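Okay, so here's the structure we're looking at.
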Amino acid sequence: MEFSCAKTDLLGATQIVSRGIPSTTAEPMLLNVFATLADGCLTLLATDNRITIQNRFQVQQARPGRMAVSGHLLLEVLQAIQTSRSDSVTLDCQSGWKVSLVSADARYSLSGFDPDDFPIVPAFEGQTQFSLPGDLLKEMIRKVVVVTSGSMGGMQTYEEVLFEAKDGELTLVATDSVRLAIRSESLEGRSLPELNFLIPSHALIEASRILKGDEEINWDVSEDQAAIRSGTTELRARLSDKTFPNFRMILPKSQSRNLRVNTREFRDSLKGVIPLAREIKDKVYIEFESDRLIISSTSIELGEARREMEVSLEGEPIKLAFNGKYLLDFLSVIDTETFRWGMTSATYPATLTPDSDGSTYTYILMPITH
């Protein structure tokens, strides 16, 4: 195969698909980018057997064909030639899978691999199609995957996000069995079929990184796969057949203690005590009094930290312990000046929601009881 194109176009496409390359693998071929050139269209593809990412764009074709080349090496080379004197790059894959890459004064000869050894990724067409606004989808993903990213986990770990749609309302739900994040949005006026599937959170995280917020995101779903497409990029993921917990049974129907908290002030206070809580798994104590919050942490080795802030509590005072990092995770994805905090006891889940009319984001967090 041989083609020429703008070096920025080839770099951009390689950056996108390289997110599908696994960090470690027992299958060396998965460390490669697979390229196909036909009818002036170059398709780059990478997979880790969990997700597959591909990108297509037009090039000046000299000779069609296929090749496989180290993805990370190709990415480094393309980044290096951005300073060359030419805006274009020519790539030529000869017999023996030798890859020549030239951009003015920059010349590289890379060792490629037989593309027949690359895992076959068959064409895919699902049974259910729908589309979503890119900015909304990215925001919803960010607010739910916060409970699956870097979680210490509970008794059972869930690596999937529930994707549910009914009566024109879309709901995304994620949990790590210690906390639960729910984001819903009414999409009246948009054709949205009934949906209920589990998609790996890893796939949604990567999708939110590579898909553009100002574009429509098209979905194609079958019984065991989902393809997420935007512009020239497609991300495909296998769906899970696990059973997701009945999250509506977990939601507290009411809380005996409620308060409104200033987001920035609480975040600053919490960050102030976290350094002394790291040795005790980020455990912080919060005393909810009628007119103030007292946030503290105690470490036998490091000492004590204490911060106070004014609040107005509805209900009886109580002292609870929480994972401070999990509280910071919630604060990192809300943008309201204040948030509402409801709780009942040390054995009952607390509810945190942004303080806005018609808030559709709920974060459930269990207090620490030991």
### Query
Are any residues in the stretch 51-83 buried (at least 17 other Cβ atoms within 10 Å of the Cβ), assigned to a helix (DSSP H, G or I) and of a type in the set (Gly, Ala, Ser), and if so, which ones?
Gly71
### Query
Taking into account only those residues within the stretch 227-249 that are hydrophobic (A, V, I, L, M, F, W, C), surrounded by 15 or more Cβ atoms within 10 Å (Cβ to Cβ) and not in a strand (DSSP E or B), which is nearest to the chain's Cα centre (by Cα)?
Leu239
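One line per residue, one yes/no per condition, for (1) of a type in the set (A, V, I, L, M); (2) touching a helix residue (DSSP H, G or I) at 6+ places or on another chain (Cβ under 9 Å):
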| position | (1), (2) |
| --- | --- |
| Ser269 | no, no |
| Gly272 | no, no |
| Ile280 | yes, no |
| Ile295 | yes, yes |
| Arg307 | no, yes |
| Lys319 | no, no |
| Leu327 | yes, yes |
### Query
Across the stretch 282-323, which residue is nearest to Gly272 (Cα to Cα) among those that are part of a strand (DSSP E or B) and free of Cβ contacts under 8 Å to residues at least 24 places away in the same chain?
Ser296
#### Entry: Any hit, the stretch 287-303, residues being outside the structural domain of Val146 (by TED's automatic domain parsing), aromatic (Phe, Trp, Tyr) and either surrounded by fewer than 17 Cβ atoms within 10 Å (Cβ to Cβ) or under 25 Å from Thr175 (Cα atoms) (or both)
no
### Inter-residue pairs, beta-carbon under 6 Å, first outside the structural domain of Leu162 (by TED's automatic domain parsing) and in the stretch 200-219, second not charged (D, E, K, R), 6+ apart
none
### Message
Quick test for you: out of Ser86, Ser109, Ser95, Ser100, pick the one residue that is touching a residue at least 12 places away in the same chain (Cβ under 8 Å), more than 14 Å from Ile16 (Cα to Cα) and either in the same structural domain as Thr14 (by TED's automatic domain parsing) or acidic (Asp, Glu) (or both).
### Response
Ser86
### Query
In this structure, is Thr148 of a type in the set (Ser, Thr, Tyr) and free of Cβ contacts under 8 Å to residues at least 60 places away in the same chain?
yes
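The values are calculated or read from the model by the stated rules, or taken from the named source; none is laboratory data. Keep in mind the model is a prediction, meaning the values are calculated, not measured. Heads up, the Cβs are rebuilt from the backbone with ideal geometry, glycines too, and the neighbour counts pull from every protein chain shown.
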